[in-house]
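Working notes, beginning with the structure itself.
Just so it is clear, none of the values below were taken in a lab; they were calculated from the coordinates. Fair warning: this is a prediction, and the values are worked out from it, not measured in the lab. Cβ: placed from backbone, ideal geometry, glycine included. Neighbour counts: every protein chain shown.
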Amino acid sequence: MEFGKVEDAQGLLHDHFILPPDTALTAKTLKENKNNKPLQAYVGCAKWGRKEWVGQIYPPKTKEANFLDEYVKHFDSIELNATFYNVYPPETIAKWAEKAQANPHFKFCPKFSQSISHIRRLKNAEEVTTQFYNGILAFGDKLGPLFLQLSDNFTPKSYPELKAYLEHLPTDVPVYVEVRHKEWFNTAGTDKDIFKLLHDLNIGSVITDATGRRDCVHMNLPTPHAFIRYVGNGLIPTDYTRVDEWVERIKKWADEGLQSLWFFMHQHNERYSPELADYTIEKLNATLGTNIRRPHFLNDEPPTLF
């Protein structure tokens, strides 16, 4: 993942990345939805097809056709980027769902097709959206929330198109929206306040934590559900301290009314994602009392660089 990448790796060793305070919207959302139900928490990676994981968490000589069979043994969820590049038919989706039946808790979280978000830019996208939903609904009980990632050049000028598109989405599957253009984070309190729109439509927001794009760590929760995309830098010390701070914030949110957490690990070099995901899960389980599945490393201990 290249988004938010900082080339000065040496500087990253010493920088301090502090999470911003919660917004008024987040406090309002959590207060409105506080209940006594336990937090549902999922942690995963973005792809299962990583050859670098053979010999790390996948057995030696594992064939690519069997990567998903192995992935579901280690994680309870996946941020499914494959659906961004292709609109898959129900038959393909059903085969993936069948592979995940070995893990009763497993959920797929598909990304909306780029033909919807980036090519059509949400306009005249009714037919492809129907095709997308027809495919991913074949996940059945393995389907988690969906997320719509807008392009870097999708600005608040396109707010009308975004509003119209979101208003017509089905409401029976949770959806989260990720915006990337810098101007979206300056619209709070205006008629283009995207987070108010999401709150009104009961649609979640994606928070992306990348060291080179701190504006995307906007800390707005329009719903009592958090979808966090975390981008590490190769297991340097700040990767771990940033995770520690996230665990503290998630604990605060859980105490205030957070109902579910979807936390997906990215690295600019994805070979390191299982290690940091495992660290995150260990910390969450210890702090929140959750029982999130941890990956098993073939050498028993995940390697670290420091």
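Figures for the structure shown
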| item | result |
| --- | --- |
| Most mobile listed residue (Tyr230, Tyr159, Tyr71) in the chain, GNM with C-alpha springs under 10 Å | Tyr159 |
| Set of lysines with alpha-carbon distance to Lys157 below 16 Å, sequence-local pairs under 8 removed | Lys123, Lys182, Lys192 |
| Top positive-direction residue, dipole computed over the chain with Cβ charges, set Gln267, Ala164, Asn186 | Ala164 |
| Pairwise centroid distance, computed over Cα atoms, of the stretch 34-51 with the stretch 177-236, Å | 18 |
| Under 26 Å from Lys37, Cα to Cα: lysines that are on another chain or at least 8 residues apart | Lys28, Lys107, Lys142, Lys196, Lys251, Lys252, Lys283 |
| Rg to Rh, two decimals, where the chain supplies the alpha carbon set and Rh follows Kirkwood | 0.94 |
| Test item: Cα-centred dipole of the chain, Lys/Arg +1 and Asp/Glu -1 on Cβ, debye | 320 |
| Full-extension gain in nm, Glu248 to Leu19, via 0.36 nm per residue minus C-alpha separation | 81.4 nm |
| Net lengthening on full extension, Ile119/Asp172 (0.36 nm per residue, minus Cα-Cα) | 16.5 nm |
| Cβ charges +1 (Lys, Arg) and -1 (Asp, Glu), total dipole of the stretch 182-306, debye | 180 |
| Choice from Lys111, Lys37, Lys192 showing the highest fluctuation, given a GNM over the chain with Cα pairs closer than 10 Å | Lys37 |
| Whole-number percent relative contact order across the chain, with pairs defined as alpha carbons under 8 Å at least 6 apart | 26 |
